[in-house]
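See below for the structure under consideration.
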Amino acid sequence: MQPFLGERFGNPSGLYSTGREAQAALDAARGTVARCLGARPAEIIFTSGGTESINSAMLGIAYAMRRAGCGDHIITTSIEHHAGIHAAQMLEELGFEVTYLPCDHSGHVKVDELARALRPETVLASVMLANNEVGSLQPLTQISEVIQSWAKRHGGHRVMLHTDAVQAPGWLPIDVGALGVDALSLSSHKFGGPKGSGVLYLRRATPYRPLLHGGGQEMQKRAGTENVAGIVGTATALDLASREIDARSARVGQLRAYLRQGILERVPDVLVNGCQVNCLPNNLNISFRGLESEALVAALDNHGIAVSSGSACSNSTWEPSHVLMAMGVPIRQAVGSIRFSLGETTTAADIDTVLDVLPPAVARLRTSATIAAAGTVEPA
Ligand code: PLP
């Protein structure tokens, strides 16, 4: 990325040599991303991140489909990231009808629920590939098959399928053909790339109306001067993340199991949220009874351990996680839940540090909570 922030600072739209150089870097990056996803370069649009990709896909496809007279109903799930949930709510404001599919106790959406939700007015289904809070994987390939066979039985009526695949790179192979999706969203910083960069895959001939209007960049699908350094970083990071996925997942999955086992052995009254089989290998969501997760986040941070309570993106709000609520986790359990995210560079020694620090921190916070609840603490 460095040269594109310095001596190679040309604007890809410029006809001068540094501009052409930047355009060549963009073309190369598009080719790399397309190869990693099993797509064509013309199907790759660079964006400012997962949120923009998801909003563009959902609003852009739904709007174009309705304009074409295909209908005004969309299907999504109750466990999407807020980027998806809030985009769906925006569509409701714009007059669309939205079905929010429930999930089971382990955080999985049922294919037959989706099949039942399909109607002649349905134009879009948006289902995430891997959940960011509990790591559950959703059955995208089966969902695509159900939609296609439903479409055949209904005179070829098209229902577009979008997936928020933000959590998947590096842990799962992503092939847009195998998944059977028309659109797919990625966020670069989730796979080692820069923050504020993302990818939208839009299958050729997918009805789409851009969200951003202006110049003709990104094949008329996303106006605005391109973030060349971010795009170059995105492509390199995705290329690296797409290699040795099995080995990385196996190694990190073992560390996750070690962490989970260690916590269950050393800390009483804990519950693991979500299933531990059909899920990402790097995510562990645990509820600690009798404390509030924000206090535990702060206590662990004092030891240099960075964990998340609920969805990181909603840390400024007080609401319990909508994902845990949708899974039927009782609210008292949900408020004490922590998400541990392991990475490629996490070591067994890191896990040992967590296992040393966590039990006394939990015990201390539980004692404080009990004292406060008993009302024995005098106001200052
Ligand atoms: N979707 C999922 C599943 C995520 O985990 C996130 C970020 O945490 C997003 C979307 C939003 O991505 P970004 O913050 O890059 O806009």
Of residues in segment 124-161 being in a strand (DSSP E or B) and in contact (Cβ under 8 Å) with a residue 40 or more places away in the chain, the one surrounded by the fewest Cβ atoms within 10 Å (Cβ to Cβ): Leu137
Of all residues making up segment 265-280, the number that are assigned to a strand (DSSP E or B) and either closer than 13 Å to Leu342 by Cβ or of a type in the set (Asp, Glu) (or both): 1
Any helices (runs of 4 or more DSSP H) falling wholly within segment 162-264 and containing at least 1 residues that are surrounded by 20 or more Cβ atoms within 10 Å (Cβ to Cβ) and within 16 Å of the ligand (Cβ to nearest atom): 176-179, 228-241
Whichever residue in segment 79-109 is part of a loop (DSSP other than H, G, I, E, B) and surrounded by fewer than 16 Cβ atoms within 10 Å (Cβ to Cβ) and, among such residues, is farthest from the ligand (Cβ to nearest atom): Gly95
Residue in segment 120-137 that is more than 28 Å from Thr225 (Cβ to Cβ), of a type in the set (Val, Ile, Thr) and within 16 Å of the ligand (Cβ to nearest atom) present: yes
Residues located in segment 22-55, provided they are out of contact with any Pro (no Cβ under 9 Å at 6 or more places or on another chain), within 16 Å of the ligand (Cβ to nearest atom) and assigned to a helix (DSSP H, G or I): Gly50, Thr51, Glu52, Ser53, Ile54, Asn55
Residue within segment 112-123 that is in a helix (DSSP H, G or I) and buried (at least 22 other Cβ atoms within 10 Å of the Cβ) present: yes
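None of the figures in this text is laboratory data; all of them are computed from the coordinates on show. What you are looking at is a predicted structure, and each value in this text was computed from that prediction instead of being measured. Neighbour counts are summed over all protein chains in view; Cβ atoms, including those assigned to glycine, are modelled from backbone coordinates with ideal geometry.
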